[in-house]
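Take a look at the structure below.
The values are calculated or read from the model by the stated rules, or taken from the named source; none is laboratory data. Predicted model, so just to flag it, every value in this text is computed and none were measured. Neighbour counts are summed over all protein chains in view; Cβ atoms, including those assigned to glycine, are modelled from backbone coordinates with ideal geometry.
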C-alpha cells in the first residue's frame, strides 16, 4: 500500500525538537487523568470492576465520555454518530468523539504546546513521533492493566511485540497489521496479478506466457491480431517510481527478500529479475510496450484500464483498480483474468506481498487524555470481532444478513444504494470507511467485500502470499547521510529501470546497468547496506527469526 507514505513527509526535524517539550506540560494532566486501579479491580472508585473475560465497555457506567481524536490526514471523515456505523459505536461506547484533522505542520503544533488531543493517529511507524511515543503517550499495557484487560484477548501479540519500544512497552496500535498467522490463514486477498483480457487470451489460443520465449511470442500474436491494443501495460510510474515492474515484478518472480543471514539483499541486481527486465526491453524494441506507458499519469492509466486498452497488464493494487476493471467489463462484456505469467528462470515461486505487520494508521492515547479508560475501551471495541463486523458490514438485519454457510451479505437495499449513490452510502452508512484498527481478514467473511472484476485474480493469488515483515522500516534513519544517499539511489533506480526497458540494444542495456552499479559505489552503498542490515536483523529478532 504505497499510500502508507501519505501525510508523513516532514516530521523528522522540527517535530523531534517539539516532542522534547511535551514532558513539561503533561505531568499534571497525567496525574489527574490516570487513576491506577488497585488489586480489588475497582476502576475510579466504583465506575466499574475489571473482568478479564468481559470487555470493559460493557461494564462501564459512565454515560457522558468525550474524546478528542486527531487524525493526521485532511481526507479523514470527521463526522461522528451521524451514520449507521459510528452511530452504533456512539451508542455502545457511550462516548462523543470530536475529530480533528490536519497535516504534519498541525501535528507539530500539538507537540510544541500543551493542548494535546486525547488520541492521535499517524501514518509512519518509523517516524520520530512513533519512536518517542514513551514521552507523550500512555503505554497500551498500562491502559489495559488498569482499565481493560480484555484488550489482551483481541490485540495480536505479534503486533504488540512489533511496536514495542526499548522500554518493553507498546504505545501505538496499527490497523491492517498482518501477522504470520494471518498470512498462513489464506484469508488475505492477493493484490498482484498478471492479467490478460479474456477475449484476447481466447483468440490467441490461450498460450503459456511463463518462459521468456513464450512471453514474447504471445505478445507478438497479440500485436498482430489486435493492432489497436497495447500488448503489455503496467501501473503508472507517477504513483510509484518503479510502477509494477520493480518490487512487484520481483515478488512475482520470487526474488529472495534478504540473504540467508538476514543481511540486506539488493533485489534490483538479482540476475533472474534482470533477465526479465531484459526481456521487457526486447518487448519494447518489438513494439509490444507503448512509450506512453512510461509517462501516463494515474488518470491516464485508469482511463486505459476502463476501455481495456492493454491486452495484458502486470497490475498491483487490484482492489484500488477494481472500479475501472468493473467498468471495462460492464461496457464490453469481457474481463481481465489472472494467468500464470512471467516465471522465475531459477525455479523460485512467487512471494507476493500484502499489507505488512506495521500496518498503516497507528493510533496512540496521549498522556493528557481526559478519559484514558474510555480510550482503551475504544481500542478493544474496534479490535474485537463485534467492532470489526460493525465497521465492515454494519448492523445485522439492517445492512447485512448472515447466510446459511455463515458468510455475510449486504442487504439488497444496501447494494442498491451503494451502486446508485456511493457518496450517500459512504456518508450515511459508512461501511468499510471507519478503518482505524481494521483488518483484511474480516473481508473474507463476505463475497461482497470485493467486486466480481477482481475475485478471479484474488483466487489465483491464493497460496502465493509471502510476508516481507523483515524489510519493514529498514531504510536508513531520516537525517543521516545514508538516508540522503538512499533517497538519491532510489530515484536513480526509477530512471534506470525505465532506461533499461527502453534501451535500443543489448549494449545500451549493459551500459545503463553498469552506470547504476557505479552510482551505488559513488553514493556510499556499503554504508547504506550496513545500516539496513542492522535494522533487518533487529526486525528478524522481533519476529523470532
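Grab the helices (runs of 4 or more DSSP H) fully contained in the range 438-545, keeping just those with 2 or more residues being farther than 30 Å from residue 288 by Cα and in contact (Cβ under 8 Å) with a residue 60 or more places away in the chain.
Fully inside the range 438-545 and qualifying: 525-543.
Given (1) at negative phi; (2) surrounded by fewer than 20 Cβ atoms within 10 Å (Cβ to Cβ); (3) in contact with a strand residue (DSSP E or B) (Cβ under 9 Å, 6 or more places away or on another chain), where does residue 186 come up short, assuming only one miss?
Against the list (1) at negative phi; (2) surrounded by fewer than 20 Cβ atoms within 10 Å (Cβ to Cβ); (3) in contact with a strand residue (DSSP E or B) (Cβ under 9 Å, 6 or more places away or on another chain), residue 186 comes up short only on (1).
Would you call residue 436 in contact with a strand residue (DSSP E or B) (Cβ under 6 Å, 6 or more places away or on another chain), outside the structural domain of residue 402 (by TED's automatic domain parsing) and surrounded by 14 or more Cβ atoms within 10 Å (Cβ to Cβ)?
Yes, satisfied.
Here's a check for you: in the range 123-137, which residue that is outside any loop (DSSP other than H, G, I, E, B) and out of contact with any strand residue (DSSP E or B) (no Cβ under 8 Å at 6 or more places or on another chain) is farthest from residue 360 (Cα to Cα)?
The selected residue is 135.
When you go through (1) in contact with a strand residue (DSSP E or B) (Cβ under 8 Å, 6 or more places away or on another chain); (2) assigned by TED's automatic domain parsing to the domain that holds residue 252 one by one for residue 159, which number turns out not to apply?
Checking residue 159 against (1) in contact with a strand residue (DSSP E or B) (Cβ under 8 Å, 6 or more places away or on another chain); (2) assigned by TED's automatic domain parsing to the domain that holds residue 252, the one that fails is (2).
What is the number of the single condition among (1) buried (at least 23 other Cβ atoms within 10 Å of the Cβ); (2) more than 20 Å from the chain's Cα centre (by Cα) that residue 90 does not meet?
Tallying (1) buried (at least 23 other Cβ atoms within 10 Å of the Cβ); (2) more than 20 Å from the chain's Cα centre (by Cα), residue 90 fails exactly one: (1).
Being assigned by TED's automatic domain parsing to the domain that holds residue 241 and surrounded by fewer than 17 Cβ atoms within 10 Å (Cβ to Cβ): is that true of residue 529 here?
Details: assigned by TED's automatic domain parsing to the domain that holds residue 241: yes; surrounded by fewer than 17 Cβ atoms within 10 Å (Cβ to Cβ): no.
The answer is no for residue 529.
Give the number of residues within the range 376-413 that are assigned to a strand (DSSP E or B) and in contact (Cβ under 8 Å) with a residue 12 or more places away in the chain.
4
Which of the residues belonging to the range 83-111 are within 22 Å of residue 426 (Cα to Cα) and without any contact (Cβ under 8 Å) to a residue 40 or more places away in the chain?
Within the range 83-111, 87, 90, 91, 96, 97, 98, 99, 100, 101, 102 meet the criteria.
Within the set of pairs 6 or more residues apart or between chains, which connect a residue that is in the same structural domain as residue 498 (by TED's automatic domain parsing) and at positive phi inside the range 216-245 to a residue that is crowded, with 24+ Cβ neighbours inside 10 Å and part of a loop (DSSP other than H, G, I, E, B) with Cβ atoms less than 7 Å apart?
Taking only residues 6 or more apart or on different chains, the pairs are 243/235.
Of the numbered conditions (1) under 26 Å from residue 277 (Cβ atoms); (2) surrounded by 15 or more Cβ atoms within 10 Å (Cβ to Cβ); (3) in contact with a helix residue (DSSP H, G or I) (Cβ under 9 Å, 6 or more places away or on another chain), residue 478 satisfies every one except a single condition; which is it?
(1)
Before we move on, is residue 147 in contact with a helix residue (DSSP H, G or I) (Cβ under 9 Å, 6 or more places away or on another chain), closer than 30 Å to residue 134 by Cβ, surrounded by 23 or more Cβ atoms within 10 Å (Cβ to Cβ) and not assigned by TED's automatic domain parsing to the domain that holds residue 245?
yes
Here are some residues: 536, 501, 489, 454. Which one is outside the structural domain of residue 237 (by TED's automatic domain parsing) and touching a helix residue (DSSP H, G or I) at 6+ places or on another chain (Cβ under 7 Å)?
454
Among the residues of the range 71-103, which ones are out of contact with any strand residue (DSSP E or B) (no Cβ under 9 Å at 6 or more places or on another chain) and farther than 17 Å from residue 399 by Cβ?
Answer for the range 71-103, where residues must be out of contact with any strand residue (DSSP E or B) (no Cβ under 9 Å at 6 or more places or on another chain) and farther than 17 Å from residue 399 by Cβ: just 103.
Yes/no per residue for (1) under 29 Å from residue 467 (Cα atoms); (2) surrounded by 20 or more Cβ atoms within 10 Å (Cβ to Cβ); (3) outside the structural domain of residue 73 (by TED's automatic domain parsing):
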{"residue": "316", "(1), (2), (3)": "yes, yes, yes"}
{"residue": "327", "(1), (2), (3)": "no, no, yes"}
{"residue": "340", "(1), (2), (3)": "yes, no, yes"}
{"residue": "347", "(1), (2), (3)": "yes, no, yes"}
{"residue": "370", "(1), (2), (3)": "no, no, no"}
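Got at least one residue in the range 183-190 being more than 19 Å from residue 324 (Cβ to Cβ), in contact with a helix residue (DSSP H, G or I) (Cβ under 6 Å, 6 or more places away or on another chain) and touching a residue at least 60 places away in the same chain (Cβ under 8 Å)? Walk me through how you get there before you give the answer.
Pass one, the range 183-190, residues more than 19 Å from residue 324 (Cβ to Cβ): 183-188.
Right, trim to in contact with a helix residue (DSSP H, G or I) (Cβ under 6 Å, 6 or more places away or on another chain) and you get 187-188.
With touching a residue at least 60 places away in the same chain (Cβ under 8 Å) added as a condition, the list becomes 187-188.
There is at least one residue in the range 183-190 that is more than 19 Å from residue 324 (Cβ to Cβ), in contact with a helix residue (DSSP H, G or I) (Cβ under 6 Å, 6 or more places away or on another chain) and touching a residue at least 60 places away in the same chain (Cβ under 8 Å).
In this structure, does residue 389 turn out to be on the phi < 0 side of the Ramachandran plot and in contact with a strand residue (DSSP E or B) (Cβ under 8 Å, 6 or more places away or on another chain)?
Taking the combined requirement at face value, the residue satisfies it.
Just a yes or no: is a residue in the range 28-48 at pLDDT 90 or above, closer than 20 Å to residue 386 by Cβ and either surrounded by fewer than 16 Cβ atoms within 10 Å (Cβ to Cβ) or in contact with a helix residue (DSSP H, G or I) (Cβ under 7 Å, 6 or more places away or on another chain) (or both)?
yes
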